[in-house]
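Please read the structure below before turning to the comments.
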Amino acid sequence: MPDNELLAAVQEALAGVVDPEIKRPITELGMVESLTIDDDDVVSLTVLLTIASCPLRSTIEHDVTAAVTSVPGVGGINLTLGAMTDEQRAEMKRQLRGGIAERAIPFADASNLTQVILVASGKGGVGKSSVTVNLAMALAEQGKSVGVLDADIYGHSIPQMLGVADTSPTSLDGMILPVPTMGLKVISMGMLKASRDQVIAWRGPILDRALHQLLSDVFWGDLDFLLLDLPPGTGDVALSLGQKLPNAEVLVVTTPQQAAAEVAERAGTMASMLEQKVIGVVENMSYLDVECPHCGDTHRVDVFGSGGGAEVANTLTTRLGYDIPLLAEVPLDPAVRVGGDDGFPVVVADGSKPSARALTELARTIAARKRSLAGRTLNLTPVG
């Protein structure tokens, strides 16, 4: 087969390879960077993954190899997998939108007065979502206008904890109105699914686009605070939000347990890498108050050990070069779990509980603080 005919046949075969996440041909997405055929009819090509850590890397490699080697006359294949640049990803996203520009994220504007706080943790199970909803409610009870965005795309629990798991937001001319509940404005992917048991398995550009839409297409109005409940760890969501919300600040949640403290430090370090300020650490499930059946006194039991929160705060202070305080020690309290299950957070269900008092005091501290330039990037250009 003449070289030009073989090349056209290979290109046609590649057009049949569909990206397993985006569901579009890799040729349409600009993923085939180079394609050559040598004198021995060996095909050499470079395919660009949307991100270097693409979880479907092996699937794409298999599909491309199978498509090329199925073409009659091909003598072999040399396949190189690379990763798109930021500019190439931006062009692909523009193409996916049909050339229509994305709406701007209002919170990304340096002049926006909303305090955006990303509630992060190094691992799951530390009560990060419980801290988020109770902190939001406590801020609202202090007269603040508060929005809550459930950025835990896969493990969203905010709707359940706020009693709106079966409520869908209103859409108005392409604009989404957040669900109002107990003085908060709330949005979550859990509210946008066709059914509560539907599984979301997005990564890469689809996940990035979903996060952008939750920030840009939702009409939040004027907010004093926007709290984002992040998924645990330092994955795609944290990276994407760090790029989209350069003025956001990070609140790290951990437990007293040493294992939790060590991974929580990574969440704070990730924030620093994205040039976001860490405003403090919350130690959740710090201790359990137990009434002794013999003496009647209340004794403090360190169920998960002690000192983890202070250790994270001290380590991050040293590592990042500015003061990162331990803002709260929230006791282990069954009322927090009950409030989350019932959709009525403990700070409003029973403000007298020790956990509710600690979370309310945390809200007062955050609401009263003055925003420092420490830990921030000022984006100044030297003159002269």
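Taken together, the values in this text are just the output of simple stated rules run on the coordinates, not laboratory data. Since the structure is predicted, the reported quantities are computational estimates derived from the model, not experimental observations. When we count neighbours, we look across all protein chains shown, and the Cβ atoms used for this are built from the backbone with ideal geometry, even at glycine.
Evaluated at q = 0.11, 0.15, 0.20, 0.24 Å⁻¹, the base-10 log of the normalised Debye intensity for region 3-96, with identical point scatterers placed on the Cα atoms, takes the values -0.30, -0.54, -0.93, -1.26.
Determine the percent antiparallel among the DSSP beta bridges restricted to the chain, to the nearest 5. For the chain, the DSSP antiparallel bridge percentage is about 30.
Here the chain is assigned +1 on the Cβ of each Lys and Arg and -1 on the Cβ of each Asp and Glu. Its dipole about the Cα centre then comes out at about 1280 debye.
Toward the positive end of the charge dipole of the chain, with +1 on the Cβ of Lys and Arg and -1 on the Cβ of Asp and Glu, the farthest Cα among A67, L184, S240 is that of L184.
Binning the alpha carbon pair distances of the chain at 10 angstrom intervals from zero yields the distribution 5, 21, 27, 21, 14, 8, 4, 1, 0, 0, expressed in whole percent. Whole-Hz Karplus values for region 277-290 come out as 8, 8, 8, x, 10, 10, 9, 8, 6, 5, 6, 10, 7, 10 Hz, taken residue by residue from phi with 6.51 cos²θ - 1.76 cosθ + 1.60 and θ = phi - 60°; glycine and proline positions read x. The alpha carbon centroids of region 8-44 and region 126-194 are separated by 43 Å. When you count the other C-beta atoms within 10 angstrom of each residue and take the mean per peptide, 109-120, 128-139, 33-44 line up highest first as 128-139, 109-120, 33-44.
Modelled spin labels at S70 and R337, positioned 7 Å past Cα toward Cβ, are 5.2 nm from each other.
Axis of helix 354-368 versus longest Cα principal axis of the chain: the two differ by about 70°, to the nearest ten degrees. Summarised as an ellipsoid, region 18-62 has semi-axes of 22, 11, 9 Å, derived from the eigenvalues of the Cα gyration tensor scaled by 5 and square-rooted, with the largest first. Per the Debye calculation on region 99-177 with a single equal scatterer at every Cα and no solvent contribution, log₁₀ I(q)/I(0) for q = 0.11, 0.15, 0.18, 0.21 Å⁻¹ amounts to -0.39, -0.73, -1.02, -1.26. Gain on full extension, evaluated as 0.36 nm per residue between E33 and R319 minus their Cα-Cα distance, stands at 99.0 nm. Tell me, how many Å apart are the Cα centres for region 280-304 and for region 309-346? Computed from Cα coordinates, the inter-centre distance equals 15 Å.
Restricting the GluC sites (Glu not before Pro) of region 218-291 to loop positions (DSSP other than H, G, I, E, B) with no more than 15 neighbouring Cβ atoms within 10 Å leaves E275. A straight line joining the Cα centroids of region 50-90 and region 235-267 runs 32 Å. Which value, in debye to the nearest 20, gives the size of the charge dipole of region 3-96 about its Cα centre, when Lys and Arg are +1 and Asp and Glu are -1 at the Cβ? That gives a dipole near 580 debye. Cross-link check: pairs K123/K144; K23/K123; K128/K244; K93/K144 evaluated at a Cα-Cα cut-off of 25 Å; pairs beyond the cut-off: K123/K144; K23/K123; K93/K144.
Converting the Cα gyration tensor eigenvalues of region 271-377 into ellipsoid dimensions via √(5λ) gives semi-axes, longest first, of 31, 18, 11 Å.
Full extension of the chain between T181 and R364 yields a length gain of 63.8 nm, computed as 0.36 nm times the residue separation minus the alpha carbon distance.
Taking a straight line from the alpha carbon of K353, these aspartates and glutamates sit under 13 Å away, with near neighbours fewer than eight places off in the same chain left out: D289, D333, E361. Remark: the S111-V290 segment gains 59.6 nm on full extension, using 0.36 nm per residue and subtracting the alpha carbon distance. If R0 equals 45 Å, the separation of the Cβ atoms of R266 and D40 corresponds to a calculated FRET efficiency of about 0.40.
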